[in-house]
Structure formats: structure tokens, C-alpha cells
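Trainee: The structure is given below, and queries will be raised subsequently.
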Amino acid sequence: MTRSIWKSTAPKTNFPALNGNLETEIAIIGGGITGITAAYLLARSGKKIVLLEAGTISGGTTGDSTGNLYAMVDKRLHHIQSKWDKETAARVARSRAQAVNLVEELVNEHKIDCSFKRVPWYLFSETDKKDKTIEKEIDAAANYNLPVEELHELPIPVKVSTAIKVEGQAQFNPAAFVRGLAEKIDSTNCQIFENSEVHHIEKEEELVLSTSSGTVTAKKVILATHTPKGIYGLQTALYPYREYAIAAKLRSGNFPDGIYWDTEADFHTSLRTYSKGNDNYVLVLGGHHKVGQEDDYSRFFGKLEQNARRYFDVDEIEYKWSAQHYKPADGLPYIGESSDENIYLATGFSTDGLTYGVLSAMILNDQLNDRKNEWSDLYKASRFTPIKSTKNFIRENLNVAKQYLKDIPGKADAESFKEIAAGQGKVVEVDDEKWAVYKDESGQLHCQSAVCTHMDCIVDWNDAEKSWDCPCHGSRFEATGQVIEGPAFSPLDKRNMNPKE
Ligand code: FES
């Protein structure tokens, strides 16, 4: 079973589950960094908020992230500049820097114990050849007045040919920050509920959110769920990917803090350091594949461990985990009111979600308070950018179309339940229907339809996370069918075991 260092080490929250029916001005679905920061800002402004979290606060992608905050972007600023223009890339960097500043202010104001510190960000190349990515990023960063410097060695034992350093970025324990901030939200204006999964949103005169133990009726709703719940045209412009991480406890060596990214295209790696008590860790993150489209999910952990041991004196790999992200078609997130009136989105953060999550909260706070926000137009959720999106749009949606072909008869992972090992799942064809069948460690079978409840793609078994992952829009389900994340509202449909078996 995987577990992230952040979720394992941050203090837990203990908010109640919803029990009954409530009315409010704004309902927020999702208790990650976007939802909690938005709830904090909106409650501070006097708005009445109800926040519903399906599991526990920061128990989703926020707690599985890197804990890095930076003005730069995963895709590189020079890439945004070439897709859009210089001014857009500069605004991206400025807006993201503002979000990092807000995190620092909140940490200081509320004395949130989350190991926040300002650190440099590095992008490095190990190749001896001239690396154009580094050159272009140095130019771009200098254009946006970021404190940039060219280097030829790093303060960690990684041999590099050339590198770029940008001072003044930041790191923290994201789960500790979000849980700490949740405790500081003005409770007269905001009620938080954990273990309160929303199954359905009904548009009546107002919006009615249903959970199994009550409803919330709201004038406006923020879907702070990483990707919007339900069916939206925008999902054709959001592409779900997974990435892997390990926290390696070091036997020796104590390295300076920093965010270290390499320019390797095949297996891009990001490194960072972290100390817990007397223990020093190096976190290595990397690997990359589309959700539900991998034969051997666990192999990524081996590659990350190999990378860690190549550079550092590793004692043991104490934590392993993976996380999901959604790439936007035109390179920028979608933040603001959706095509559904009064429903607000914040999605398409790629792997830059902590900073974009806070930025989304700032933008939504202004929008819902009828104030102008200088970044609203840049990230507008309803924008249509065919020229900037076409290449990704065609490639990714052809990929989605291909996934539907997995439903043709005869295509299954196994012909009988007997082929499934304990602790594993396989898609089995039963009476012309695809079943997602999981055999637990005690040998008991759990059978459900393999048809994703979002839009009918066939799910795939993820052997690293023991989950059923949908290759179309990234919904994920537990081995026994309950929703973990993604746009699906409902669990996989249960099936009774085939008596013939
Ligand atoms: Fe859309 Fe599964 S997530 S079909």
C-alpha cells in the first residue's frame, strides 16, 4: 500500500460528517488546498460557506503533492511564451508569485507549523550537449524579472553540465499547511464536514448537493475537486496523468533545501530535501503516464529508487506514493464560472497544483465578492482557444476514443476468476459484459461492472495503488468500487459472482 510522507506526518483534523439539511450562500466541494484556501478567504470576507470533503482534509491530491511552491511552471515559462506570448507568460509568473506570497502570509499570521521556507528553484541538465531548454528558460525568467542565475554545479551530489537557479521560491508540508489553515477558518461563517461525499448536484432554483447523510442548498458552488465532478465539455480539454514519488531516508549527508528539476524528457525527475526530527530525506518524483494506460504501474518506484541511490547514501525508502494531475489543452488552468451558471471551477493545474490551487482561491474569492481580479481573464474557465489547443486536443481525444474500443467483445485481461492472484484485480468478460474483479488478500472476490460510471469507458487495474483507473477522464475507484477521485459521482455497479465460477 502506498502512503505519502505529508499525509503520514501532518496532524489530523477531526471535522464531523454532514448530518441533516443545510442552506448556505456558497458550497465548496473538496478539502484540498484550493477548497480550504477559498473557504478561508471567503469566510474572512463575510460569506457563509459550507465545505464538504468526501474523505479527510488534505486526504486527496494535495497530500500527495511535492510540497513545492514556485512562480515557474512544469511546462516551462518559455513554452507558455511561445504558445501564448511574452506578456501572458510574465503574468503567469507574477500571478503565481503572488500566490506563494499569500501562503507565506497565512503561515506567519496563524503560525501554521508546516515547515514553510523560502528556497531556490533549480533546473538542471546532465547532458554534456548544449541544452536549449536551460538557455530559453534563463532568458524567459530574466524577462519576468525573476532573480535568475546560471550555474554549472548544484549543492546536491548530482553532476550537471548547466543549470539555472531562481531564488525566493518555497517549500512546505502541504498537508500540514492545509489542515492547519482549516482549523483557523472563521467557524461562524464556515462549516466544514469531512467524510461527506457529494453524490449528486441538482439544479433547482438554487443548487442542491446530496450526500448520503444530508443535503446542502447553495446559491453558488465551487468544485474544488481537482477536475470538475459530472459531465462538462471542458473535460475534452483536460488530460489526466499520474506521477510517482518516494521519500528516501538518508544514512548520511545533509543537503541544502531546494527544488531541483532535471530537463530529462523520458523520465523527468524532481528532487527535494526534507527533514523530520533528526531524519533527513530526499524526495524523488518522476515517471509519467496517462491514467489507466500502463501495464506495470509499480515499475516507476524501482526507477525512482535507482535514481535516489545513484546520487545519495540512502538508508531506506520509507514512503512511496503516486498522484494525479490534469494537463490543460492550451497550457493554462481553467479558473472561474463554468458553462453551468453559478458553478465555479478550478482545474487543469498540470503538476503545478499547489501554487495554482492558492491562486484559484484568490481569484474565486474576488469573483464571488464581485471584485475585479487582475488574473481572472488570463485563466477564464469558459475561454475557447482552438489554435493553442488543437494539437493536444486532437491527440488526446483520439487517445480517449481508442479507450472505448476496449469494450469490444473478447478483449479482457483474464478469461476466468481463477487467473486472478490474491491482492490483484483483472477485467474479466462475463456473459458479454466486462467485470472489474478484485480478489482480496483472503481470497474473497469483489465483482463490479468495469464500465466507468462517468461516461462508460472500461477501467484498468492499477497494481501500485490497488485501484480501478479510468483511461478516459481519470476517474479512479477503490478495488471494491467506491469513487476515489475524478469526474465520476457514483461507484462502480456491483455484480453478483457468476454462479458458474
Ligand atoms: Fe470519464 Fe471514466 S472518467 S469515462
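The values are calculated or read from the model by the stated rules, or taken from the named source; none is laboratory data. All values reported here derive from a predicted model rather than from experimental measurement. No Cβ is skipped: glycine too gets one built from the backbone with ideal geometry, and neighbour counts run over all protein chains shown. Heavy atoms of the whole protein, side chains included, go into the accessibility calculation; ligands, DNA and RNA do not. Shrake-Rupley method; radii C 1.70, N 1.55, O 1.52, S 1.80 Å.
Trainee: If you take the residues in the stretch 440-465 that are more than 16 Å from the ligand (Cβ to nearest atom) and surrounded by fewer than 18 Cβ atoms within 10 Å (Cβ to Cβ), which one is nearest to Gly287 (Cα to Cα)?
Mentor: Asp463
Trainee: Report, by residue number, each residue of the stretch 261-308 that is touching a residue at least 60 places away in the same chain (Cβ under 8 Å), buried (at least 19 other Cβ atoms within 10 Å of the Cβ) and outside any strand (DSSP E or B).
Mentor: Correct list: Thr263, Val291, Gly292, Glu294, Tyr297, Phe300, Phe301, Leu304, Ala308.
Trainee: Regarding the stretch 487-496, can at least one residue be identified that is surrounded by fewer than 16 Cβ atoms within 10 Å (Cβ to Cβ), modelled with pLDDT of 95 or more and more than 16 Å from the ligand (Cβ to nearest atom)?
Mentor: Yes.
Trainee: Moving on to the next point. Out of all the residues in the stretch 46-58, is one or more outside any loop (DSSP other than H, G, I, E, B) and open to solvent by 10 Å² or more (accessible area, probe 1.4 Å)?
Mentor: No; the residues of the stretch 46-58 include none that is outside any loop (DSSP other than H, G, I, E, B) and open to solvent by 10 Å² or more (accessible area, probe 1.4 Å).
Trainee: Ok, one more. Of the residues that sit in the stretch 466-485 and are touching a Pro at 6+ places or on another chain (Cβ under 7 Å) and more than 15 Å from Gly425 (Cα to Cα), which one is farthest from the ligand (Cβ to nearest atom)?
Mentor: Val483
Trainee: Go through (1) in contact with a Phe, Trp or Tyr (Cβ under 6 Å, 6 or more places away or on another chain); (2) in a strand (DSSP E or B); (3) under 30 Å from Lys220 (Cβ atoms) for Phe349 and report which single condition fails.
Mentor: (2)
Trainee: Tell me which residues, restricted to the stretch 236-254, are out of contact with any strand residue (DSSP E or B) (no Cβ under 8 Å at 6 or more places or on another chain) and either part of a loop (DSSP other than H, G, I, E, B) or open to solvent by less than 10 Å² (accessible area, probe 1.4 Å) (or both).
Mentor: The one that is out of contact with any strand residue (DSSP E or B) (no Cβ under 8 Å at 6 or more places or on another chain) and either part of a loop (DSSP other than H, G, I, E, B) or open to solvent by less than 10 Å² (accessible area, probe 1.4 Å) (or both): Ser252.
Trainee: Being more than 28 Å from the chain's Cα centre (by Cα) and open to solvent by less than 30 Å² (accessible area, probe 1.4 Å): is that true of Val428 here?
Mentor: yes
Trainee: Further question: If you take the residues in the stretch 208-267 that are over 17 Å from Thr62 (Cα atoms) and acidic (Asp, Glu), which one is modelled with the lowest pLDDT?
Mentor: Looking at the filtered set, the residue picked out is Asp266.
Trainee: Quick test of your reading of the structure: Val437 fulfils all but one of (1) part of a strand (DSSP E or B); (2) of a type outside the set (Gly, Ala, Ser); (3) within 28 Å of the chain's Cα centre (by Cα); (4) within 16 Å of the ligand (Cβ to nearest atom). Name the failing condition by number.
Mentor: For Val437, the exception is condition (4).
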